[in-house]
Amino acid sequence: MLENLQENKNSDIQKRLPYLGYAILILIALIVLRIWYFQVLKGNYYRELSENNRLRIIKILPPRGIIYDREGIPLVENIPSFDISLILEDIYKEGDTISRLAKLIGIPEEEIKKKIEVAKRKEPFQPVKIKEKTSWEEVAVIEARKVDMPGVFVEVEVTRNYLYGDLGAHLIGHLGRITPEQAELEEYFNFPRDSLIGQWGIEKSFDSALRGIPGERIIEVDALGREVKVLAEKESIPGDDIYLTLDLNTQKTAENALGKEAGAIVAIDPNNGGILAFSSRPSLDPNMFSKGTQKQYWTEMMNNPLHPLMNRVTQSQVPPGSTFKIVMAAAGLETGKITPSTEVNCQGSIHFGNRDFRCWKAGGHGRVSLHRAIVESCDVYFYELGKKLGIDVISKYAEAFGLGKITGVPLPSEKTGLVPSTEWKNRALGKPWFPGETLSVSIGQGYLLVTPLQMAQVSASIANDGIIYKPQVVKRINGKNGYIDLLPEGTKIQINNGTMKFLRDAMAGVVEEPGGTGHRARSTIAKIGGKTGTSQIIGMKERVKSENIPKRFRDHAWFVAFAPAENARIAVASFVEHGGHGGAASAPLAKRVIEEYIKTINKSQVASNK
């Protein structure tokens, strides 16, 4: 009996042995699989964690390139800034460290905790900035307590100081922290996530040249995160220096001329498209952005009814008023619809369709030729010319002068303006073009929209016999491989040189001749050619005496010009929002800018002849 029981038990064990073997094999396989997972699949991850417990890779940001004016005068400088940061993985007793740090640097604990919570969702072992632009006293306090607060340290960062404050701020631009969207771009992978990069203007458009290439230092640390020794170091490559086409004295004059008025003044060299002055007012202080956007300042700028964040040189889109008459004159002469001797009798208005189209001069100008129509800015003459040309011919010549499209200036968010046509209205509004609308466009009103930079181009192209240059803001880049000069890019308008000569003479008459609307731009330093313009905000029926019109309903004031009239060295567009008449509000401002630049080049010529 016992023998039978023993045999049965042995038989059961024999039957179960294979299952036990399978279980052992499965267990071994799981162990091997787990080892393979940790060693192969996750090997790099855990190796990095292990190395980071011993090593730190510290990025060395290069000094940013300096921005100079055309004569080599620095417009910005790099200055050191001290930030208090921490590395989460090196902190001992996080709560105690936060509490002590908050008391030492005067920041609420909750604010520090919020920054830490955000940082925990990012890469490990990366510094978290707790306080920027730290005072020397706070730096000394933190340095004296480094041993007691492992993981907390002082970072030295080079930041930007804009030497002339808000002068040329919309052109030069400003820096800002890398945004989450930018951090995902390949070009920023080698930069710390909170680096300062160009976010506007030249700083943004030429950021890749200005920012340089980061280096790195590999250090060994102990268990408390304290540096033991430097294992390797790779030097950073400084950013390239940039020389602008901007002339500092001319820029200062443009800024002072506008003063507290909202508007824009842009001056360009008609011989190469180089921007000499670029003023948009009101402006903003780029120093407020150089260490990250200051929330209060940003809110003030956003809520300011004068919109200082808008770059009026490239983003104001308004009707050009009577400055557009020079384009109309070119179209009329080139198509043969008129000749220089064609006359029109202006009696103060014309009747067309079911309405009267008035001239700005109530009693009319009498019989005028094209030259006098430009000099005195006769609306009736150009109403009649508009009827002869039609909107599509006007559109063709406006586009030839560079209107209705971006100029190509290397700055962000440039606006195109608008040149209307029959096709445009049908496509955009689903309506036909009405002949009466052509008359409004003929004097620079209606749907027609331009930017100050575009009108400066128009003026420059008349001064240089019809070459449209792409506006140039950078003259030279000085990098590790030496100087690189940026060459001008221009295209010729298919308009007869004789037409351009006629327009130059007429525009000189606007300033120099009796009855000229631009007489307030007359100068003893240089002969100026120009054209005034007044862009209406409200219609004739709503008009009352100008002194009773609230400023926000007053007309915009325009003046485009070039000088010297015989051999132009500068072309200007002056635009004052709600400034009233162009001859009174904008012409004197353009005169000041022109005179300053002419004086500058005259001094330069005298110096070079000695």
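Some points to look at:
- When the residues of the stretch 535-566 are filtered to those that are at pLDDT 95 or above and not in a loop (DSSP other than H, G, I, E, B), the one that is nearest to GLY580 (Cα to Cα) is ALA557.
- Set side by side, the residues LEU429, LEU403, LEU418, LEU389 differ, and just one is over 30 Å from GLY274 (Cβ atoms) and either touching a residue at least 24 places away in the same chain (Cβ under 8 Å) or outside the structural domain of GLN494 (by TED's automatic domain parsing) (or both), which is LEU389.
- Within the stretch 255-270, considering residues that are out of contact with any Phe, Trp or Tyr (no Cβ under 8 Å at 6 or more places or on another chain) and closer than 24 Å to ILE570 by Cα, the one surrounded by the fewest Cβ atoms within 10 Å (Cβ to Cβ): GLY259
- Only one of the numbered conditions (1) more than 26 Å from ALA585 (Cα to Cα); (2) out of contact with any Leu (no Cβ under 7 Å at 6 or more places or on another chain); (3) not basic (Lys, Arg) is not met by HIS307, and that is (1).
- Here the stretch 567-593 is the region considered, the condition is being of a type in the set (S, T, N, Q) and either assigned to a helix (DSSP H, G or I) or touching a residue at least 12 places away in the same chain (Cβ under 8 Å) (or both), and the residue that is nearest to TYR469 (Cα to Cα) is SER574.
- Failed item in (1) more than 30 Å from ASP83 (Cβ to Cβ); (2) of a type in the set (Asp, Glu); (3) under 19 Å from the mean Cα position of the chain (by Cα), with ASP285 passing the rest: (1)
- Among residues of the stretch 554-594 being within 14 Å of ARG520 (Cβ to Cβ), touching a helix residue (DSSP H, G or I) at 6+ places or on another chain (Cβ under 8 Å) and not hydrophobic (A, V, I, L, M, F, W, C), the one that is surrounded by the most Cβ atoms within 10 Å (Cβ to Cβ) is SER574.
- Against the criterion of being hydrophobic (A, V, I, L, M, F, W, C) and either in the same structural domain as LYS470 (by TED's automatic domain parsing) or at pLDDT 95 or above (or both), PHE191 does not qualify.
- Residue within the stretch 79-93 that is in the same structural domain as HIS174 (by TED's automatic domain parsing), in contact (Cβ under 8 Å) with a residue 40 or more places away in the chain, surrounded by fewer than 13 Cβ atoms within 10 Å (Cβ to Cβ) and closer than 30 Å to LEU276 by Cα present: yes
- Those helices (runs of 4 or more DSSP H) of the stretch 279-361 in which at least 2 residues are hydrophobic (A, V, I, L, M, F, W, C), considering only elements entirely within it, cover 295-303, 325-335.
- In the set (1) modelled with pLDDT of 95 or more; (2) in the same structural domain as VAL450 (by TED's automatic domain parsing), ASP240 fails one condition alone, (2).
- Among residues of the stretch 461-474 that are over 18 Å from PRO412 (Cα atoms), those with a Cβ under 9 angstrom from a residue that is part of a helix (DSSP H, G or I) and polar (S, T, N, Q), sequence gap 6+ or separate chain, pair up as ASP465/ASN497; GLY466/ASN497; GLY466/THR499; ILE467/SER461; ILE468/GLN457; ILE468/SER461; TYR469/GLN457; TYR469/SER461.
- Test: LYS396 is of a type in the set (Lys, Arg), surrounded by fewer than 21 Cβ atoms within 10 Å (Cβ to Cβ), part of a helix (DSSP H, G or I) and in contact with a Pro (Cβ under 9 Å, 6 or more places away or on another chain): no
The values are calculated or read from the model by the stated rules, or taken from the named source; none is laboratory data. Owing to the predicted nature of the structure, the values given are computational and were not obtained by experimental measurement. Methodologically, a virtual Cβ is constructed for each residue, glycine included, from the backbone with ideal geometry; neighbour enumeration extends over all protein chains shown.
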